[in-house]
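A.B. asks: Handing you a structure now.
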Amino acid sequence: MLSGARNSWIATALALAAFFAAALACAAGSPYVAPAEIFGVAAILYIIGGRVRSSPARDLPFPRGKFAGAALVGAFAIVATARTLTLPYLADDYCLLNDRGLTESWTEALFDVSTGTMWFRPVYWLFWKLYHNLSPESGTLAHACSIAMFAIHCMLLAPALRKCGVKRGISHAAAILFALSPAALDTVAWATNQGLLLVGIFSCASILAIPTRGRNVVRTASSVVFAIFAYLSKEEAFVLPAIGFIVCWRFRRDRVSMALKSASPILAAAIILFIVRWIRLGGIGAYSNAATGGSLLLENALKGPIAALRNEFPQAYWLPMRYPPQGAIAAASLILLPAIPFVWARGSRGVERILYIAAAFFIIYISPVSSMLPIGPHLEYSRWLYLPTIGIALASAALYANGPLRRRSAWIPILCFGALSAFVANYDLRAWKKSAELTNTGKEMIRAAMPSPPPNAHYWFIGLPDSIDGVQCFNCGMDPLARRAIGRTDVEFYDDPPIDKTLSDIIIFNIRKKEWRSALAAKRSELAKGGRVEWKIRDNPDVNHYNCIKSPFSDAECGFANSAEKVTTEIMAFGPGMGRGAVFFPALDARVLKKIKIETDLSKSPLAAFAPVPGVVVVLAGGVHGIIQINAKDGDVVALPPGVDYIILSIRIGPGAFQFASRMAVVAVE
């Protein structure tokens, strides 16, 4: 027996060494092996081994009391996410506070879709009406609710997995691994994600209420009611009938008919709610392609998963990491991590069935968000992994529980993986702390920059970052955040102003140094001295792909909307003429200078790849007299109309006009 155990450990060590060698080759850039291939080979070899020599599936020792188990899982969930309690509202949180909180009635807050919303989420919106009424400035209440929702979801997850036929110890181990996962912490840290937490709660409750033995009207009605609450929380819930079928089926031939009957009531509710949603939104809703008007959900349903398979699966899904360690050894270790449990475990037909259930959970839960993949190197979209992580946690728990260690010792690899997940999650939380600090600093700077703006004023803000290391900061929520910061609802703020708006000022922020200045005020002193003023616009090297400005512009620069990299991406995504971006010049130059000379150099610009019309530049002069378009060739001296408030330069590309200046110099002429 000792000899057999020793041979088993040697075989495991040799297999791990072989897979690690393949992972090293992959990390070194070998074209012959990919992370997904390493993972697939490990999984296939495990299944083959279980068919050749299958051992009975083992469970983990765990307390028998239901309440004790639920309390333990809930404690893990609360401890793992407690540090998010002090975070403020971030980005989209402010949009939700304004859109749902400022409504005149509760009915309007829950059911109004007249503002062009892409969603219909009354249950989710209910909480934002409450947050606006009870805690409009501090995010503590919202984050406390997120932590509580997450703990409830984790406590319901273990009994829901038990209904799949998973044994007690493994189901609770999966719930604990789920509670400690980085994807879960990233989801809980942003209050905007509460829709996902509600979907998790109501989906588990609906599954637990599904009757599997005979007819039970009360349980069926309860299951349907919980399912309806899930459907009205977030769109990911519409896969619940498929999850319910998998739970009741358990991949057993004799349970197919029963599973179909059990899942049919929540399927009928899903169809009815989908029709209601379609009528309310006038279509499928969700994100749309600005060029075609079609749904990105349908257009990118295959493109997203293919890109994820090529670039980040499975290592970025098994252990999402915002700050991965550098070096070939570290990269190879991360690639190897998803394959380790398959090498560790002993072949078992019972475990194989659990793996099928886990894979089904992962595929079903990720399918509604497949068009949003990949999640990105900085976990920009890690929240989409919240529900799919249930499948990863279940597979990890089942495999580690059936390794060479037995009884209580079998918990060792599970707790080690959980501790690693918790460490990575808390290390990644630094990005949320950074975003929180910058958000609070930005609010203070906005108050200082405009203590009493004129009525109905329009401001362009430059220097407030959209995101920090993949965490949302001022993206989307800048305008409602600024309005709440100054206590005014009549003032509008832009990070990309439309051409039909007359700007009151352009405020340039250096948020890291806590400095700000007015672009118009800065130029007023220069123009007062008389003489010639030269304005130069160029691609700013301090702007990343997400338009996060890390430092303010120099005195010779006025501003821009997007970097060349961002513009190129938008053109490729939406086609020529569909992107938006602009270079604005303040109106003060028009009071002193009467003409401008156009000089361009597009030879090195990425825009040249999209065949702009040679030698044609469009100058748009905007102001109180409306929008005036002036066509000018390169080198022309253009007279400015009187009374303009600002000037926008636009390069004409293809059939449309894409408003952007790349490597363009505009020399003012007296």
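The values are calculated or read from the model by the stated rules, or taken from the named source; none is laboratory data. The structure displayed is predicted, hence computed values, not measured ones. Here Cβ is always computed from backbone atoms with ideal geometry, including for glycine, and neighbour counts include all displayed protein chains. Areas reflect the complete protein model, heavy atoms only, side chains present, ligands, DNA and RNA absent. Shrake-Rupley method; radii C 1.70, N 1.55, O 1.52, S 1.80 Å.
A.B. asks: Find the all-direction average of the projected area of the Cα convex hull for region 192-338, expressing the result in square nanometres with one decimal place.
C.D. replies: Taking the Cα atoms of region 192-338, their convex hull projects to 12.5 nm² on average.
A.B. asks: Summarise the accessible area of region 75-230 (1.4 Å probe, protein heavy atoms) by the percent that is carbon and sulfur.
C.D. replies: Result for region 75-230: 66 percent of the exposed heavy-atom area is carbon or sulfur.
A.B. asks: Let me check something: with ligands and nucleic acids excluded, how do LYS163, LYS433, LYS129 order by accessible area (1.4 Å probe), largest to smallest?
C.D. replies: Ranked from most to least accessible, the order is LYS433, LYS163, LYS129.
A.B. asks: What is the P(r) of region 25-78, as percent of Cα-Cα pairs per 5 Å bin from 0?
C.D. replies: 4, 14, 11, 11, 9, 9, 17, 15, 6, 3, 1
A.B. asks: Can I ask one more? With every protein chain in place, what's the accessible area of THR220 (1.4 Å probe, Å², nearest 10)?
C.D. replies: 40 Å²
A.B. asks: Over 24 Å between Cα atoms: which of LYS66/LYS129; LYS434/LYS513; LYS433/LYS514 fall into that group?
C.D. replies: Long pairs (Cα-Cα over 24 Å): LYS66/LYS129.
A.B. asks: Something else now. Listed highest first by mean packing, meaning other Cβ atoms within 10 Å per residue, what order do 247-253, 171-177 come in?
C.D. replies: Per-residue mean Cβ counts within 10 Å order the peptides as 171-177, 247-253.
A.B. asks: Which whole-number percentage describes the relative contact order of region 326-404, with Cα contacts under 8 Å and a sequence gap of 6 or more?
C.D. replies: 46 percent
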